[in-house]
Amino acid sequence: MSATGLEVGTQAVADRPKRRRFGLREWSIVAIGAIAVISVLRLVTGADDIASSGALAAAIGLAVPIGLAGLGGLWSERAGVVNIGLEGMMILGTWGAGFFGYHMGPWAGALGAIVMGMLGGLIHAVATVNFGVDHIVSGVAINIIGLGVAKYLAARFFNGLPGGGPTQSPPIDSLPDFTIPGVSDGLGTIEKKDWFFISDVAAVLRALCTDVSILTIIAVLLFVATWWVLWRSAFGLRLRSVGESPVAAESLGVNVLRYKFLAVVVSGGLAGLGGGFLALVAANIYRDGQTGGRGYIGLAAMIFGNWRPGGLLTGAALFGYTDAVQLRGGATVHAFLLLFAVLLVVIGVWQIVRNQRVVQGGLAIVVGVLVGWWYFAVDAVPAELTGTTPYVTTLLVLAFASQRLRMPAADGQIYRKGEGH
């Protein structure tokens, strides 16, 4: 079967209007604009920490596990299998990283995290692809199984070890990280000058070249590889056709069940690696409850990104940044309120003027005005509310900014072999 024939068949089944995708130039403009806005915010509010290299480095570390979980969800759902079991697969990955990382070293820990996540993906694939279990039911079961299995294995294998216990592993050796000598110190000097825009650009670049974990670099490469495999290869075309119309794909000779099965197992491996990042890089130890719902946030980031790697990466970065901001304390979160207010108003105007979405845009503007009023009415955000910043920001931006979301046409549908005959 030729890839060309499949392309024609897929287009006939999944006919939809074309719209322009963001290229390198558009993303560069967005990045420069974001830095400029944060520069203005830093000058207006005096909250220097909102754009510091330390905060941005923390944001990268917080975004990576979310991005990997979302990437796992993207693989699964592009093949038509809804995967809300990402959280359970991440949990299994944290335990795998802790166990294999302690006994065999950090690289074995990363591999163990992938394998444990793939086991969760394997269970989900067998249930949904082979036995036709409802995808949501299976995903919830995976989350419960992952939590229970990790608790049992931690109590069984970590209890009594030096520094270990029923809820945590012994400390794990660190993976290598990279700093560009000379460049990092030079950028740090420029950052401390507090020059408008220039110092903020230096802070961003310093965060990208100082103490960057090897797993962070691998995660970025996985995003690039996913984009190339799914959108530039015949294999990816077949896999996406399975998620759009399995009947049409099977009529063209594609083994639908095999592609679904493989995609879900890969999904589990990516989510497991996201959990492994938490144990190997973020904490150098496995702890019970370490994922903190990041599997669900990864799923939300994937939806925010319209089931595409670039948009997913943006959603993960947004959550990572807001999470890093709230860790910096109430004063920084207070300054972030002004940025959030401006962002919502801009989104509202965009929705009204560009997309003719009057109700959605109007609501965004109203909420933005209310957040702006909150900023000017108080001097600090209560400590009880700072922890909710990343979740509230993600939900509101997802609600007001997302548009033309289009999930794969056959996502979540139960498919039996030979249905099209």
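A few comments on the model shown:
- Check on residue 233, more than 22 Å from the chain's Cα centre (by Cα) and buried (at least 19 other Cβ atoms within 10 Å of the Cβ): no
- Any hit, region 139-158, residues being outside any helix (DSSP H, G or I) and either open to solvent by 30 Å² or more (accessible area, probe 1.4 Å) or under 27 Å from residue 88 (Cα atoms) (or both): yes
- Residue count for region 220-253 under the criterion of being within 20 Å of residue 70 (Cα to Cα) and in contact with a Phe, Trp or Tyr (Cβ under 6 Å, 6 or more places away or on another chain): the result is 2.
- As a summary of the residue check, residue 126 satisfies the conditions (1) crowded, with 23+ Cβ neighbours inside 10 Å; (2) closer than 30 Å to residue 250 by Cα; (3) of a type in the set (A, V, I, L, M, F, W, C) except for the one numbered (1).
- Considering (1) open to solvent by 20 Å² or more (accessible area, probe 1.4 Å); (2) of a type outside the set (Asp, Glu); (3) over 16 Å from the mean Cα position of the chain (by Cα); (4) within 20 Å of residue 147 (Cβ to Cβ), the lone condition that residue 251 does not fulfil carries the number (4).
- Yes/no for residue 256 being in contact with a helix residue (DSSP H, G or I) (Cβ under 6 Å, 6 or more places away or on another chain), touching a residue at least 60 places away in the same chain (Cβ under 8 Å) and open to solvent by 20 Å² or more (accessible area, probe 1.4 Å): no
- Hits in region 184-218 (condition: part of a helix (DSSP H, G or I), farther than 30 Å from residue 111 by Cβ and open to solvent by 70 Å² or more (accessible area, probe 1.4 Å)): 185, 189, 192, 198, 205
- Filter pass, residue 332 being touching an Asp or Glu at 6+ places or on another chain (Cβ under 6 Å) and either assigned to a helix (DSSP H, G or I) or buried (at least 19 other Cβ atoms within 10 Å of the Cβ) (or both): yes
- Within region 195-216, residues that are within 20 Å of residue 43 (Cα to Cα) reach partners that are open to solvent by 60 Å² or more (accessible area, probe 1.4 Å) and part of a loop (DSSP other than H, G, I, E, B) with beta carbons closer than 7 Å, at six or more positions or on different chains, in the pairs 199/193.
- Looking at 406, 357, just one residue is open to solvent by 60 Å² or more (accessible area, probe 1.4 Å) and more than 20 Å from residue 311 (Cα to Cα), and that residue is 357.
- Contacts under 9 angstrom Cβ, first residue in region 129-154 being closer than 16 Å to residue 165 by Cα, partner aromatic (Phe, Trp, Tyr) and open to solvent by 30 Å² or more (accessible area, probe 1.4 Å), 6 or more apart: 153/99; 154/99
- Condition broken by residue 307, with the remaining ones in (1) open to solvent by less than 40 Å² (accessible area, probe 1.4 Å); (2) in a helix (DSSP H, G or I); (3) among the aromatic types (Phe, Trp, Tyr) satisfied: (2)
- If you go through region 263-307 and keep only what is free of Cβ contacts under 8 Å to residues at least 60 places away in the same chain and over 18 Å from residue 144 (Cα atoms), you end up with just 283.
- Residue under evaluation residue 390, criteria (1) open to solvent by 40 Å² or more (accessible area, probe 1.4 Å); (2) under 21 Å from the mean Cα position of the chain (by Cα), criterion not met: (1)
- Criterion: open to solvent by less than 10 Å² (accessible area, probe 1.4 Å) and either closer than 25 Å to residue 104 by Cβ or in a loop (DSSP other than H, G, I, E, B) (or both) - qualifying residue of 226, 322, 291: 291
- Region 242-286, residues that are of a type in the set (S, T, N, Q) and at pLDDT 95 or above: 267
- Any hit, region 48-69, residues being open to solvent by 10 Å² or more (accessible area, probe 1.4 Å), of a type in the set (S, T, N, Q), at pLDDT below 90 and in a loop (DSSP other than H, G, I, E, B): yes
- Boolean, residue 82 is within 30 Å of residue 255 (Cα to Cα), part of a loop (DSSP other than H, G, I, E, B) and either without any contact (Cβ under 8 Å) to a residue 40 or more places away in the chain or among the β-branched types (Val, Ile, Thr) (or both): yes
- When residue 312 is tested against (1) in a helix (DSSP H, G or I); (2) touching a helix residue (DSSP H, G or I) at 6+ places or on another chain (Cβ under 6 Å); (3) surrounded by fewer than 20 Cβ atoms within 10 Å (Cβ to Cβ), exactly one condition is not met: (3).
- Checked against the criterion of being more than 21 Å from residue 265 (Cα to Cα) and among the acidic types (Asp, Glu), region 43-65 has at least one qualifying residue.
The values are calculated or read from the model by the stated rules, or taken from the named source; none is laboratory data. As the structure is a computational prediction, the values presented were derived from the model and not from experiment. Positions of Cβ are generated from backbone atoms using ideal geometry, with glycine treated the same way; all protein chains shown enter the neighbour counts. Just so you know, the surface numbers come from the protein's heavy atoms only, side chains and all, with ligands and any DNA or RNA stripped out. Shrake-Rupley method; radii C 1.70, N 1.55, O 1.52, S 1.80 Å.
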